[in-house]
Protein chains: 4
Amino acid sequence: MIGCVVDGCPPRLALSETDIQPWLDRRRPGQSRFTTQRQEPDQVRILSGVFEGQTTGTPIALVIENIDQRSRDYSDIAARFRPGHADIAYELKYGIRDYRGGGRSSARETAMRVAAGAVARKVLGAIRIRGALVAMGPHTIDRARWDWDAVAENPFFCPDPVAAKEWEALLSEVRKQGSSLGAVIEVQADFVPPGLGAPVYAKLDADIAAALMSINAVKGVEVGDGFAAASLRGEANADEMRMDDGVVAFQSNHAGGVLGGISTGQPVVARFAVKPTSSILSPRLTVDRAGQETEIVTKGRHDPCVGIRAVPVGEAMLACVLADHLLRHRAQNPDAPQTARLPRN
Amino acid sequence: MIGCVVDGCPPRLALSETDIQPWLDRRRPGQSRFTTQRQEPDQVRILSGVFEGQTTGTPIALVIENIDQRSRDYSDIAARFRPGHADIAYELKYGIRDYRGGGRSSARETAMRVAAGAVARKVLGAIRIRGALVAMGPHTIDRARWDWDAVAENPFFCPDPVAAKEWEALLSEVRKQGSSLGAVIEVQADFVPPGLGAPVYAKLDADIAAALMSINAVKGVEVGDGFAAASLRGEANADEMRMDDGVVAFQSNHAGGVLGGISTGQPVVARFAVKPTSSILSPRLTVDRAGQETEIVTKGRHDPCVGIRAVPVGEAMLACVLADHLLRHRAQNPDAPQTARLPRN
Amino acid sequence: MIGCVVDGCPPRLALSETDIQPWLDRRRPGQSRFTTQRQEPDQVRILSGVFEGQTTGTPIALVIENIDQRSRDYSDIAARFRPGHADIAYELKYGIRDYRGGGRSSARETAMRVAAGAVARKVLGAIRIRGALVAMGPHTIDRARWDWDAVAENPFFCPDPVAAKEWEALLSEVRKQGSSLGAVIEVQADFVPPGLGAPVYAKLDADIAAALMSINAVKGVEVGDGFAAASLRGEANADEMRMDDGVVAFQSNHAGGVLGGISTGQPVVARFAVKPTSSILSPRLTVDRAGQETEIVTKGRHDPCVGIRAVPVGEAMLACVLADHLLRHRAQNPDAPQTARLPRN
Amino acid sequence: MIGCVVDGCPPRLALSETDIQPWLDRRRPGQSRFTTQRQEPDQVRILSGVFEGQTTGTPIALVIENIDQRSRDYSDIAARFRPGHADIAYELKYGIRDYRGGGRSSARETAMRVAAGAVARKVLGAIRIRGALVAMGPHTIDRARWDWDAVAENPFFCPDPVAAKEWEALLSEVRKQGSSLGAVIEVQADFVPPGLGAPVYAKLDADIAAALMSINAVKGVEVGDGFAAASLRGEANADEMRMDDGVVAFQSNHAGGVLGGISTGQPVVARFAVKPTSSILSPRLTVDRAGQETEIVTKGRHDPCVGIRAVPVGEAMLACVLADHLLRHRAQNPDAPQTARLPRN
């Protein structure tokens, strides 16, 4: 089984497995021909921390039993290291490695992130968190066609219906070749109150960066304009302010909702890059545990673009970070305003 | 004054102010016409944790006194919020704000990061950490011309002497206009032993991402190929392995030295994007504490490209993260190999 | 089920359920007529972190399934608060309370502490940890009769065979009356290397105090002479030093092996006081959730002296604290001596 | 200088040096002939985190400059280890030791605890924290004579005026002999809201135990009846409950205000034992850095009973722990009641 513990959740929130399962189902493999064909129902079970349908304030333990455990032949990967995979790093660090599937370097681990994120969403109340795939391999969406409703209507969580159509053929081809593609995911939180985060330690954007970078296969993270901000001039990058009914109305959101490590009340926007999976059918040069040169081909059922299923994972990580900071902010500033209202008092 | 405390440093390392000062001098303002003309000698003083030239193992307190404290007129920024600056975020979070220079949202805060990084370098021993500016505004270097020696020979920490030459004119113009530019910095650690980091919590790349994103004005972070990895195929992205005298010889370093959150023995490579400073001479629309619409111009002595001085800061943050992980790795795996040697035992 | 996760364990330690089970069996209820007659086999299962009989360095998840779940009638305690029990505190904090047995305030929770302690013992190598009951209610042992071998030969973990004999009749009487007794437990670690702990934060004795005080029903903790030290003069309390074959030979151990928050190489000795359980047959005045005054009698199968089963729990907590500090010490001081050898180098 | 940083303090609390100084003055040496005659004015200075008389929500740095730095002769203690002092532990851990006064093992360090406690008191609002010396050496107070007003009227913080009188002669004699006495201190917090703490990790009593045990020279800690609870029967130990105007009225406070790791709304009561200082005039057997047997006499100006000045330190530590838990409780349970009101909603 896999599991996780969510500690610090406020008491008396309505919570049951049915609040968590839909989010897991979005991440679940085997739902289209573009994700691994492993059949994992990923049925979550709440072991503790909930009583008569409400959180008790004590730790919430969640588990998912493994079902699809056909006895596999691991001889290929037991002794040889898959290039681009964590195998070699574990071997060098620990001198021992559990090469069977489902370990800590498996994408399966991210199921618990999604489950924890479902609890975090309960804590977040009206804060809304959404995500979308904005690039697959070298192919980016046309942001002018962004449609949040489209995200649920294609197997890629793609907000651009035209791109989604094109990606079907593209990814089918990649899959047939036994190859893989990277992806870029954008996650956004709306209705975030100002004040989450802190000036030096526990900056909101630093914690978001760590949370997203900690997802398997992620190699880059950015907030707001991100790397594009580096090529702007100060005039273009600064988000000007007007007032709208007592609330600060930013005229743009280059900052992605975070200034000085603290949320401003604007939508929090982050993106992360997922590398193409290293589990591919082309033979690659590698070495084995004994230090002998060899080759390896990764057979088995793998996602041609693991970035697709990273969309719900990224949403979940953003939810967890925001929930943590919401509680911390409340601890220090219980009477802070819920919106960017001025004057503050 | 500003200060910091470095706890957990191993005892009996040779350490004095002269080990720290050179790194501070690299970050110090007023060294060329391309950085702020404030004169801050940034003279560091060790208050504790060192005895007769050696670390004692107890916390090392470091301070820098403020010198250039000409009495300034803060009336411009006391009540009005600079767009793109943390002012408004602090106001909304805390309902109070120390608007005088040198606070926690000031770039001055990064001096202590550099000082701490100098101590971390002592802990790192033979691990070498270097950094360079690889893009200024929309202008990127030609990586074919990369020359580490060039970095010390121009005021931009630029490894491409040709680009550095071009940037002089460019940045002079930007400075005269009272405008600002963003930048991208690359930091690299060589001779990092394999095994630093952990599989889920405390991933090395997640901690690097948080550390770099926590630097003022940083909006994006990437490790290895970073966002470019998203546009690759799996065949291109996986770093193949051969053996070289008993040690794993990776044939490329798309991973940036980290797989599954753990260092592999390859150079650790990261990049981060710095936005253009919001302190510019063009008037920008803003609001004041009373919620009234107004405009603001940020006068004073500011860096036209704060990214330049972020180079030593990024190096320092990488040093701090690696030093932490070196100690943690040693705690759990005292007999792990210092290189990617196979077989491990 | 109940469970715990042990993270940070060094890799390649031999570990299986049979290393853990004997310690759990010592704590297990139903072994004599002096402990609760609930039958909980407390069979531990390792879910992760062990591969082919060795730790992998990744988190070790341990679980114990609940077996003895006869459907109980909780109507007595669902609405009414047992005096001296955590019921009322949970109610006031969370506004909701899972009144069924086995929750976080149940002594059953301590089974996982014992399981974790068994893993910690593996980390501790040659460090030996033992515990004993030194007082039951007002009856203390005669320390002149201390015999570690006796501890395993009576149902009280009592090192004084004479006292153990007397306690049998005493506790039988208390049990028949449906009453309960408190106890004092002493735990000791031998062969602890000097240097564990730190001067201000993470003092070894402070961490031991927190660990022991965190055990259910513990109200007091002391190290070395503890409260008795307060009535001594400085001449009597200071442990004088001689040399024995290059190693510091302390002439006494009033300090309990810790000076300035750091271990000295002497045996680490601590004691803790367990209050009498509040689950007794005499009716006590109490109130209910609705704020009405009422009475309560706690029926069911309870320990007349919970302190007995706290002996293995206290040992386990000491093992966990020492294991943590051993790793931390190794991180900072990898070449520190294993004994109190002088000169150090 | 010595210093500390208090992070996480809520913003807009009135705070200045005059809020902190009185607490420091209580701990300050040289105020009677019963404390060390060193003259340390212990003048605190706030370096950051306060603006125009109010906390800003950012870290509050506090420093005290050293004044009484007469050049001392440390040759006695540089190479030889004082029995009962941390010297030998530091030497064995670090292999280096700053033997000059005022280091991390000096009682002087506790001045910053008192300063931090003064800030914590601001956070605690109406929660009142007081402390008293309840035993000096083997001499205990008569609790029937307890008078909080008496505490300020004798040089011992003794709540029993009769005992205080007797202790004058006693301690004069001890001081003349160059000897020292231990002490027991009781600290109490009134008007603590219910709900502070947590069930397993972060238990309020465990954190109090760690905080008090971390004070120099403390060897034992207890909450409520503490060790005395071990000799009680369950009937005597359980605090019965009645209602008083909608609020739970406990009929006794054996628990010391904490049940299951969580505050109940009763006064939080803790005690700690301070050993007699090891700085005495009688020669003691010891060894030197070279591993040679020798003797040592500790000359200099020392407190004959360091426990006296530990009273304000213990109060401060209790204040810090409660302030932390108050914020944490507010984070998780923002609408929890401020008193033990039933029904909760």
TODO: Specify the angular offset, from 0 to 90 degrees and rounded to the nearest 10, of the alpha carbon long axis of helix D:204-213 from the longest principal axis of the alpha carbons in chain D.
DONE: 10
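Rounded to whole Å and sorted largest first, what semi-axes of the equivalent ellipsoid does the C-alpha gyration tensor of chain D yield via the square root of 5 times each eigenvalue?
The answer is 36, 25, 19 Å, longest axis first.
Could you work out, residue by residue across D:12-21, how many beta carbons of other chains sit within 10 Å of that residue's beta carbon, and then give the average as an integer? Don't jump to the answer; show the numbers that get you there.
Working: counts 6, 0, 0, 0, 0, 0, 0, 0, 0, 0.
For this peptide, the per-residue mean of nearby foreign Cβ atoms is 1.
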Open item on the list: Could you order the peptides D:196-207, B:325-336 from most to least packed, using the average number of other C-beta atoms within 10 Å per residue?
Closed with: D:196-207, B:325-336
Task: Spatial separation of Cα centroids for the range B:59-99 and the range B:263-335, in angstrom - done: 17
Task: Ratio Rg/Rh, restricted to the range D:242-298 and using Cα atoms, in which Rh is the Kirkwood radius - done: 1.50
TODO: Give me the angle, in degrees from 0 to 90, between the Cα long axis of helix A:110-124 and the longest principal axis of the Cα atoms of chain A, rounded to the nearest 10.
DONE: 10
Task: Other protein chain Cβ atoms within 10 Å, averaged over every residue that makes up A:283-292 - done: 5
Open item on the list: Using a 7 Å offset from the Cα along the Cα-to-Cβ direction at both C:Arg12 and C:Ala236, what is the distance between the two label points in nm, to one decimal?
Closed with: 5.2
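Return the equivalent ellipsoid semi-axes of the range D:1-144 as a descending list in whole Å, where each equals the square root of 5 times an eigenvalue of the C-alpha gyration tensor. Show your work: numbers first, answer last.
On the way: eigenvalues 188, 100, 46 Å².
In descending order, the three semi-axes are 31, 22, 15 Å.
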Task: lysines whose Cα lies under 18 Å from that of D:Lys219, excluding same-chain neighbours fewer than 8 positions away - done: C:Lys203, C:Lys219, D:Lys275
Task: For B:Tyr74, inter-copy label distances in nm, listed shortest first [label point 7 Å out on the Cα-Cβ vector] - done: 3.9, 5.6, 6.1
TODO: Kindly give the distances from D:Ser172 to its copy-mates, label point to label point, with each label point 7 Å from Cα along Cα→Cβ, as nm values to one decimal ordered shortest first.
DONE: 6.0, 8.4, 10.3
Task: Nearest 10 degrees, 0 to 90: helix A:310-332 Cα axis against chain A principal axis - done: 40
Task: Separation of the A:Ala152 and B:Asp76 label points, Cα + 7 Å toward Cβ, nm - done: 5.0
Open item on the list: Suppose you put the label 7 Å out from Cα in the Cβ direction; list, shortest first and in nm with one decimal, how far C:Ala290 is from each other copy's label.
Closed with: 5.7, 7.8, 8.3
- [ ] Would you mind giving the total buried accessible surface between chains B and A, with a 1.4 Å probe and ligands, DNA and RNA left out, rounded to the nearest 100 Å²?
- [x] 8400
TODO: Starting with the highest mean, order C:132-140, D:123-131 by the number of other Cβ atoms within 10 Å, averaged over the residues of each peptide.
DONE: C:132-140, D:123-131
Open item on the list: Debye calculation, C-alpha points only, no solvent: report log10 I(q)/I(0) for the range D:228-345 at q = 0.13, 0.14 Å⁻¹, in the same order as the q values.
Closed with: -0.76, -0.82
TODO: With chain D rotated onto chain A, spot the residue of D whose Cβ lies nearest the axis and note the distance in whole Å.
DONE: D:Ala331, 2
Open item on the list: Averaged over its residues, how many other protein chain Cβ atoms are within 10 Å of peptide C:167-175's Cβ atoms?
Closed with: 0
Open item on the list: So if I restrict to the alpha-carbon atoms in the range D:161-268, what is the Rg, and what is Dmax, the biggest pairwise distance, in Å?
Closed with: 17.8, 57
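Convex hull over the Cα atoms of the range C:72-231, averaged projected area in nm²? Spell out each step's value before the answer.
Values: hull surface 53.1 nm².
Mean shadow area of the hull around the Cα atoms is 13.3 nm².
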- [ ] Work out the FRET efficiency for A:Glu168 and D:Gln292 from their Cβ-Cβ distance, taking R0 = 60 Å, and round it to the nearest 0.05.
- [x] 0.10
Open item on the list: Restricting the calculation to Cα positions, tell me the Rg (one decimal) and the Dmax (whole number) of the protein assembly as shown in Å.
Closed with: 31.7, 96
Task: Burial ranking of peptide ranges B:155-166, B:224-235 (average Cβ count within 10 Å, highest at the top) - done: B:224-235, B:155-166
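Calculate what fraction, in whole %, of the accessible area of the range C:154-219 sits on carbon and sulfur atoms when a 1.4 Å probe is rolled over the protein chains. Walk me through the numbers before you get to the answer.
On the way: 1040 of 1780 Å².
Percent of accessible area from carbon and sulfur atoms in the range C:154-219: 58.
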Task: chain D: calculated mean residue ellipticity at 222 nm from DSSP helix runs of at least 4, using -39500 (n - 2.57) - done: -8000 deg cm²/dmol
TODO: Would you please give the residues with an amide H less than 5 Å from that of C:Thr298, counting only those at least 5 places away or on a separate chain, with H modeled from the backbone geometry?
DONE: C:Ile280
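The values are calculated or read from the model by the stated rules, or taken from the named source; none is laboratory data. Predicted model, so just to flag it, every value in this text is computed and none were measured. Cβ: placed from backbone, ideal geometry, glycine included. Neighbour counts: every protein chain shown. These area figures cover heavy atoms from the full protein model, side chains too; ligands, DNA and RNA do not enter into them. Shrake-Rupley method; radii C 1.70, N 1.55, O 1.52, S 1.80 Å.
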